[in-house]
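Engineer: I am attaching a structure below and will ask some questions about it afterwards.
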């Protein structure tokens, strides 16, 4: 059995899976504190499944980017369970989780999630599913100014910014809205793939991916998508 934990953003979730198939999960929109919500959610799905922590074979954790406090809570809980029960842990980047269901469809993919009050954290993949930009933060206007080919946009950041993307890019933009559970499904799939091949993280080195916008000089510049 594997436990998946995603507290990257206000859309949070936990799941239990057998291999890579989820058999029980809980997703919620956090309106107060991941600290108060996460452990009760984990305890609930464990109790419903009649499973205790030391029976777990591995833990899958969404590593960010995302909210500073929310990422810290999820990572701390995952590492605590891992250390206390000698359970291997595998992290997967949150933007990789958003992009994963859409890679391999022959289109460039841009995954975005909210970052702060207006900016977005993003990752870009070309039509061959190759990542061409590392996780970074920018404004929606700066991001769309660099798109010059048909691109599929996905991720939680679309809830606030799909309008500017569609208005700026027109037919070049394909907008795909996803359900909160989709990221959890991707985490379970990619995380258990790592664990099943013995590719777990070093618990002492594992940290959330806190990416920050530059404090001077505006957002990072990004290159055009490579065709």
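The values are calculated or read from the model by the stated rules, or taken from the named source; none is laboratory data. Quick caveat: nothing in here was measured; it's all calculated off a predicted structure. Glycine also receives a Cβ, built like all others from the backbone with ideal geometry; neighbour counts cover every protein chain displayed.
Engineer: Picking from 171, 177, which residue would you name as being farther than 30 Å from residue 79 by Cβ and under 18 Å from the mean Cα position of the chain (by Cα)?
Structural biologist: On inspection, the qualifying residue turns out to be 177.
Engineer: Please give the number of the condition residue 60 fails out of (1) touching a helix residue (DSSP H, G or I) at 6+ places or on another chain (Cβ under 9 Å); (2) in the same structural domain as residue 192 (by TED's automatic domain parsing); (3) not in a strand (DSSP E or B).
Structural biologist: Going through (1) touching a helix residue (DSSP H, G or I) at 6+ places or on another chain (Cβ under 9 Å); (2) in the same structural domain as residue 192 (by TED's automatic domain parsing); (3) not in a strand (DSSP E or B) one by one, residue 60 breaks only (3).
Engineer: So which of 200, 162 is at pLDDT 95 or above, touching a strand residue (DSSP E or B) at 6+ places or on another chain (Cβ under 7 Å) and assigned to a loop (DSSP other than H, G, I, E, B)?
Structural biologist: None of the other options fit; the residue is 200.
Engineer: Run down 99, 123, 136 and say which single residue is under 23 Å from residue 61 (Cα atoms), free of Cβ contacts under 8 Å to residues at least 60 places away in the same chain and part of a strand (DSSP E or B).
Structural biologist: When all the criteria are applied, what remains is 123.
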